[in-house]
Amino acid sequence: MSSQVRLRLLPSARCLFDQPVQVKVEGLRSSQVVTMRARSMDEKGVVFSSSATYRADGSGKVDLLRDPSLSGSYVGVEPMGLLWSLKADALHKYFFKNNALQPHVVKFSVHEEDREDRMLAEVTNERLLIGNGVSRVPVKGRNFQGVLFTPSGDGPFPAVLDLSTFASEKRASLLSNKGFVVLAVPVYSDHPDNVKQTNLDHFKEAVDFLQQQPKVGSKGVGIISRSKGADIALSLAAFVPGIEAVVWINGCSSIVGVPVYYKNRQILSTLPFDFNKVIRTESGASIIRYGLEDAVTEKNKGSLVPIEQAKGHFLFIASGDDLNCDSKAYMDEMAERLKHHGKENFETVCYPEAGHLLEPPYGPYCPSALHGLIRFPVLWGGEPRAHRYKQHIDKITAFIKWKSQSNPQF
């Protein structure tokens, strides 16, 4: 390494996962061309990397906030490009970062142009999922299990149930950093093949547990959900009292997978999936967007969640390029149905160029990965740049805070 070259992360090399950093290099030669690299390992031991070529200014400085990448994993001015463009060497890999106790560690380095063996400087970025004072407590109820995140301070705080398809703490911990008591609960705590029905009573138990927390200052609960968790969130809003706000992200308006039971009887059937409509691609990943049957046909109406009977408010967020399901069409159908019933308790947001995996910002973009339910690789859709910003996270936070402030029951 060169003693003259300095690589800095501002304002600090240690930050929260969803906070940007300014990457700067000093001490280069005037107009020197260098390669910037980033490298990180996920919780499964898979290495992800990215690189971009930059030209120093007349004073020997590179500033990713100002300077464009000339080539590499991305081109143009992308201050956080080295993070969102992190990619595994193998195809169909998702960056697993689900344990909130361990930071997302990224090694940044600067090298002589196209010479990986000639490193000039390096620095390590620790991106924390859990902020100062936030407590993390694993929870095991009679019929559910999850992780409870509670902010520091006396509260009271709004309560949020975070429903993910499989166990994940990332979104819940980051939301708790913003002043929410969040209980992260997976839809599947067992292998999906072993699950023959979804019992809404189990998720009601989680809602009841959340309402009883000492720092929760109200009776109502908000829910944030994506994909399979989204239809469970709709079901809770429709059938379980006390659900004041639901954030639905890239899901279905009907039940997918297995039927839903509540109070020992089936209340919703499942929307059939036609595997003949799966589109195989040369990459080895498939497009499954068109596999689900039409939810509003007479034979499938038993799978349609009756959200018109819900008393809470909805924020529907859909991606226009979702290749997992036609979430935009489902969102539009639900909006029209609510309007038909004289309801105004909803907002809709569409991100036209985004794909299925809308996640907290600055994490690696995932174009394809093994699908957890159907067990073959699928394309998620979306342009990488459409996933680099945090508008949907800001929108979600503002929506839940608005509901908690405007509704005394929340």
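Data overview
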item: Euclidean distance between Cα centres, region 308-343 to region 144-168, Å; result: 25 Å
item: Region 135-406, accessible area per residue, ligands and nucleic acids excluded (1.4 Å, Å²); result: 42 Å²
item: Protection proxy ranking, peptides 67-80, 219-232, average beta carbon neighbours within 10 Å, highest first; result: 219-232, 67-80
item: DSSP beta bridge pairing in region 63-216, given as percent antiparallel to the nearest 5; result: 70 percent
item: Highest to lowest packing among 121-127, 233-239, 188-194, 365-371, scored as the average C-beta count within 10 Å; result: 233-239, 365-371, 121-127, 188-194
item: Accessible area (Å², per residue) of region 6-128, counting only protein heavy atoms and a probe of 1.4 Å; result: 47 Å²
item: Per-residue [θ]222 nm for the chain (sum of -39500 (n - 2.57) over DSSP H runs n ≥ 4, rounded to 500); result: -5000 deg cm²/dmol
item: Out-of-range pairs (alpha-carbon distance over 28 Å; input Lys170/Lys328; Lys97/Lys343; Lys196/Lys401); result: Lys97/Lys343; Lys196/Lys401
item: Pairwise centroid distance, computed over Cα atoms, of region 4-76 with region 371-386, Å; result: 28 Å
item: Protection proxy ranking, peptides 271-282, 254-265, average beta carbon neighbours within 10 Å, highest first; result: 254-265, 271-282
item: Global size of the chain as Cα Rg and Dmax, reported in angstrom; result: 22.6, 73
item: Surface share of carbon and sulfur [accessible, 1.4 angstrom probe, percent] for the chain; result: 49 percent
item: Net charge contributed by nearby residues that have their C-beta within less than 14 Å of Glu205 (K/R +1, D/E -1); result: +2
item: DSSP-loop trypsin sites (Lys or Arg not before Pro) across region 308-373, with at most 14 other Cβ within 10 angstrom; result: Lys311
item: Net charge, Lys339 excluded, C-beta distance under 12 Å - Lys, Arg +1, Asp, Glu -1; result: -3
item: Considering only the chain, percent of DSSP beta bridges that pair antiparallel, nearest 5; result: 60 percent
item: Region 6-128 - Debye-derived log10 I(q)/I(0), Cα point model, q = 0.12, 0.18, 0.22, 0.23 Å⁻¹; result: -0.42, -0.93, -1.32, -1.42
item: For Lys61, net neighbour charge (Lys/Arg +1, Asp/Glu -1) across residues whose Cβ lies under 12 Å away; result: +2
item: Enclosed volume per residue, in Å³, of the convex hull spanned by Cα atoms of region 263-410; result: 148 Å³
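The values are calculated or read from the model by the stated rules, or taken from the named source; none is laboratory data. The structure displayed is predicted, hence computed values, not measured ones. Neighbour counts run over all protein chains shown; Cβ positions are idealised from the backbone, glycine included. Please note that ligands, DNA and RNA were not included when accessible areas were found on the heavy atoms of the full protein model with its side chains. Shrake-Rupley method; radii C 1.70, N 1.55, O 1.52, S 1.80 Å.
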